[in-house]
Amino acid sequence: MRLTRRDFIKTAGAATGTLAITSAIPMPAWAEGPAGGAILTAGRWGAMYVEVKDGKIVSSKGALPKTVPNSLQQTAPDQVHTTARIKYPMVRKSYLENPGKADGKRGNDPFVRVSWDQALKLIHEQHSRIRSSYGPSSIFAGSYGWRSSGVLHKAQTLLQRYMSMAGGYAGHTGDYSTGAAQVILPYVLGSVEVYEQPTTWPMILEHSQVVVLWGMNPLNTLKIAWSSTDEQGLEYFHLLKKSGKSVIAIDPMRSETIEFFGDSATWIAPNMGTDVAMMLGIAHTLVKKGLHDKAFLDKYTTGYPQFEEYLLGKTDKVEKTAAWAADISGVPAEQIEKLADIFAANKTMLMAGWGIQRQQYGEQRHWMLVTLAAMLGQIGTEGGGFGFTYHYSNGGNPTRVGGVLPAISAQIAGGSSAGNDWAVSDAVTSIPVARIVEALENPGGKYQHNGKEQTFPDIKMIWWAGGGNFTHHQDTNRLIKAWQKPELVVISESYWTAAAKHADIVLPITTSFERNDLTMTGDYSNQHLVPMKQAVPPQFESRNDFDVFADLAEMLKAGGKAVYTEGKDEMGWLKQFYDEAQKAGRAQRVAMPQFNAFWQQNKLIEMRKNEKNEKYVRYAEFRSDPVMNALGTPSGKIEIYSKTIEGFNYKDCPPHATWLAPDEWKGSADKDQLQLLTAHPAHRLHSQLNYAALRKEYAVADREPVTIHPEDAKARGIADGDLVRVWNARGQVLVGARVSDGIKQGVICIHEGAWPDIENGICKNGGANVLTADIPTSRLANGCAGNTSLVYAEKYKGEAPKLTAFEEPPIVTA
Ligand SMILES: Nc1nc2c(c(=O)[nH]1)N[C@H]1C(S)=C(S)[C@@H](COP(=O)(O)OP(=O)(O)OC[C@H]3O[C@@H](n4cnc5c(=O)[nH]c(N)nc54)[C@H](O)[C@@H]3O)O[C@H]1N2
Ligand SMILES: Nc1nc2c(c(=O)[nH]1)N[C@H]1C(S)=C(S)[C@@H](COP(=O)(O)OP(=O)(O)OC[C@H]3O[C@@H](n4cnc5c(=O)[nH]c(N)nc54)[C@H](O)[C@@H]3O)O[C@H]1N2
Ligand SMILES: [Mo]
């Protein structure tokens, strides 16, 4: 299965054919000036109007009406004009003097400004040398990350398109988001589930009685979507709050969402990483009280009897009682028993986020949730069952009908079947995305993945475009060491991120406000089609990823640029994408003007509602006829026990949902250690926007905040607002204390995404991943386990070092 991340949306068709653009192309928005008012564009955080004065963006705001504000929409001026921008192409000084050498100086060497010609020539020469010496698998272009919205300016796709033309590359599989769940759930449900449209919100609002938010913080995470948010998810959570339905939130932290619900939600705070134990306690209570739905289990599932033996302690002599679960999770047994009663007595929707599976043994979490939902017997009913995307990209907002934009692909149209004998290769090998450092450390090493033995490639060149791997990957100090090994590291970026500062060659790239593009909103709804109009000219010497790779394609072979671009410029591509969406849209009776008129209008297009889609109930068809509508599992049923997984014989991923104590958790902690939660930030998208003025909203003592319980703070002499040193054997960071009873005692939270800024061995900007362990979730999925770490904390007593995260590195003349 080649599931390309969130690109599951059925597009109107892949980009095809070479099409010379002859029609009059309208003037770019920025050339017309803001006379007609603000310019419409979009980011991950939604459709936005930007206001331009004297060639500068002075303000931005959301273009859709909303009840819950979205702080990220005000950041366009900072995104374009921050001093953290990379202005010119740069080469590391020693690399320029002695190209192709891994000299151990990455991150510790000044940069030299070069011309674009010089930079591209150097890349071309070194890329060619490495490719001919070591082959395509030595070139890592997996380049994971949340590049900007848009169907044309897709940084990693454009990189891979170029690398495909050059003869292939090493890519990645999976993602950091749902690394564990997306690999285990196909064995359980026959679907990745974590990127599927769940039962719609109208059905929930009408039929659910109890809504459970299991490790889920939609108030933060619904500020964005993979395409661009349609902003409906938060409206629905607002309606849920107003509905008076019973909402139960299970989270070690009193998240923004729990604050939002206030008195209308019950907050239950387990120890981190103990959800499976808690769910087992609920499941045990159901069995003890005879509340589990035996008829459902018989008809729709397989393997329940084996699971029940484990639940009742027949296989391991440990009965998974509520009291047993209370001991592990820190949630009182009576509360666990009460949850069982409530779930069984009501139409209950178990919604879950993904932070619970970004942990060691993360595979078990969603498997256990599905098992619990199966025992409740409400899967496939209106308003009951489970859903894993209500916190993400507006899952549950009914799918619209109309046009859907296609997008540029990593393959050139036609491929070999069209007589195109280059530009047809793909990733020649792939690594699980979160195993990049292990691959660098252990070239040629064998490892287990999802039932197979695989081999790490010997990576000699890395090109990252559109991802922030120095913030997103675990154990930063280990990464920095491994990062010295390749012979060439290229980073395409708009900002001086830590990854850029650790590169050999750095290319300045436009932000989405400096180019034209198109996007849909709402990954599940496809609610709007939005023109992303250029607002200002490219800043300094920044260029579009598309143009950079087109030039490099020409250097591969004369005529390469025409192959890469398929003979189309930016507006030519956009017209083609729009025309395809328009054709489908019109067939669905959506009024879509001709492209030029659409582009001039500066308006988004809303797709049409569809009654059937409004009433979608996930697994309703399976429930109505499990034979005709069998699941894609070997048994066609929900697999509570998987024979396939049994066959893999992995101790770290047993054949039914199982409580496995992590290496680092409360139960293994000494008296001073705390569990580290690295939740997703409210006012950033990961590392994106860390430099923005919005940072003042959350920074404490000008550092990334650490949320710490009053008792834990008191024991360490830490007061609110203090500088705090947090450390373990892997590293240390400086953070600012936010003392709050809104977190479970024994857990502290440093949100992921602050830019690493390491000096004298301490990260001055509180980069959470300096502390986290770079371990796989298990051999099954090899997912990211960034939420499984123990740390120490103390009041920081030294002189506070100057924050340099958002400054340029030293730049010298050659
Ligand atoms: N400890 C811990 N670690 C985590 C997580 C966690 O929960 N805990 N979460 C994980 C998850 S789920 C994810 S998805 C990852 C996120 O990791 P990433 O997706 O890598 O994080 P971003 O900060 O969004 O990085 C995107 C980068 O792309 C750049 N960019 C934007 N637009 C363009 C463009 O048009 N062209 C180019 N060339 N560059 C562009 C931005 O400037 C930014 O540096 O982090 C993971 N890491
Ligand atoms: N504003 C904003 N929105 C985002 C992102 C962002 O960076 N900023 N990132 C986007 C991306 S790429 C993704 S993948 C999604 C991430 O979506 P999620 O993975 O769901 O987000 P997290 O914040 O990691 O976790 C959600 C909640 O789970 C809780 N949690 C963590 N560990 C445990 C645990 O062991 N048990 C329990 N019960 N709860 C736990 C956290 O405290 C948090 O409140 O969000 C997306 N949306
Ligand atoms: Mo993610």
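Within region 663-673, at least one residue is crowded, with 18+ Cβ neighbours inside 10 Å and within 11 Å of ligand 2 (Cβ to nearest atom).
Residues that are assigned to a loop (DSSP other than H, G, I, E, B) and out of contact with any helix residue (DSSP H, G or I) (no Cβ under 9 Å at 6 or more places or on another chain) were ranked within region 646-664; the one that is farthest from ligand 1 (Cβ to nearest atom) is N649. Looking across region 254-281, just one residue is among the aromatic types (F, W, Y) and open to solvent by less than 10 Å² (accessible area, probe 1.4 Å), and that is F261. One residue alone among K338, K320, K299 is part of a helix (DSSP H, G or I) and touching a residue at least 60 places away in the same chain (Cβ under 8 Å), and that residue is K299. Might you check whether a residue that is touching a residue at least 12 places away in the same chain (Cβ under 8 Å), assigned to a loop (DSSP other than H, G, I, E, B), in the same structural domain as G636 (by TED's automatic domain parsing) and among the small types (G, A, S) occurs anywhere in region 251-258? Yes: region 251-258 contains one or more residues that are touching a residue at least 12 places away in the same chain (Cβ under 8 Å), assigned to a loop (DSSP other than H, G, I, E, B), in the same structural domain as G636 (by TED's automatic domain parsing) and among the small types (G, A, S).
Within region 568-602, the residues that satisfy the criterion of being among the small types (G, A, S), open to solvent by less than 50 Å² (accessible area, probe 1.4 Å) and within 30 Å of R161 (Cβ to Cβ) are G572, A581, A584, G585. Just one of (1) assigned to a helix (DSSP H, G or I); (2) over 30 Å from N70 (Cα atoms); (3) not assigned by TED's automatic domain parsing to the domain that holds D547 fails for S191. It is (1). Scanning region 756-772 for residues that are open to solvent by 10 Å² or more (accessible area, probe 1.4 Å) and within 13 Å of ligand 1 (Cβ to nearest atom), which turns out farthest from I436 (Cα to Cα)? Per the stated criteria, the residue is P756. Exactly one residue among S143, S148 is within 16 Å of ligand 1 (Cβ to nearest atom) and open to solvent by less than 10 Å² (accessible area, probe 1.4 Å), and that residue is S143.
Go through region 441-484 and give me each residue that's part of a helix (DSSP H, G or I) and more than 24 Å from the chain's Cα centre (by Cα). The answer is E441, K481. Per the listing L72, L96, the residue uniquely part of a helix (DSSP H, G or I) and within 16 Å of ligand 3 (Cβ to nearest atom) is L72.
Applying a threshold of 6 Å to beta carbon distances and a minimum spacing of six or more residues, or different chains, the list of pairs starting in region 619-636 at a residue that is part of a loop (DSSP other than H, G, I, E, B) and ending at one that is open to solvent by 50 Å² or more (accessible area, probe 1.4 Å) reads N629/E621; G636/A630. For the condition open to solvent by 30 Å² or more (accessible area, probe 1.4 Å), more than 16 Å from ligand 3 (Cβ to nearest atom) and in contact (Cβ under 8 Å) with a residue 24 or more places away in the chain, what is the one hit in H284, H238? That would be H238, the only listed residue that is open to solvent by 30 Å² or more (accessible area, probe 1.4 Å), more than 16 Å from ligand 3 (Cβ to nearest atom) and in contact (Cβ under 8 Å) with a residue 24 or more places away in the chain. Selection over region 671-691 of residues that are in a loop (DSSP other than H, G, I, E, B), under 12 Å from H751 (Cβ atoms) and of a type in the set (A, V, I, L, M, F, W, C) gives a count of 2.
Only one of the numbered conditions (1) over 22 Å from T707 (Cβ atoms); (2) modelled with pLDDT of 95 or more; (3) of a type outside the set (S, T, N, Q) is violated by M216, and that is (1). Reported count of residues in region 214-235, each being more than 17 Å from the chain's Cα centre (by Cα), of a type outside the set (D, E, K, R) and open to solvent by 30 Å² or more (accessible area, probe 1.4 Å), is 1.
Within this structure, V211 passes the test of being crowded, with 24+ Cβ neighbours inside 10 Å, within 16 Å of ligand 2 (Cβ to nearest atom) and in the same structural domain as Q357 (by TED's automatic domain parsing). Taken together, the residues in region 369-411 that are of a type in the set (A, V, I, L, M), open to solvent by 10 Å² or more (accessible area, probe 1.4 Å), assigned to a loop (DSSP other than H, G, I, E, B) and more than 15 Å from T521 (Cα to Cα) amount to 1.
The one condition from (1) surrounded by 24 or more Cβ atoms within 10 Å (Cβ to Cβ); (2) under 30 Å from R435 (Cβ atoms) that H528 does not meet is (2). Restricted to region 136-193, and to residues there that are more than 20 Å from the chain's Cα centre (by Cα) and polar (S, T, N, Q), the residue that is nearest to ligand 2 (Cβ to nearest atom) is S164.
The values are calculated or read from the model by the stated rules, or taken from the named source; none is laboratory data. Given the structure is predicted, the values throughout are model-derived calculations rather than measurements. Methodologically, a virtual Cβ is constructed for each residue, glycine included, from the backbone with ideal geometry; neighbour enumeration extends over all protein chains shown. These area figures cover heavy atoms from the full protein model, side chains too; ligands, DNA and RNA do not enter into them. Shrake-Rupley method; radii C 1.70, N 1.55, O 1.52, S 1.80 Å.
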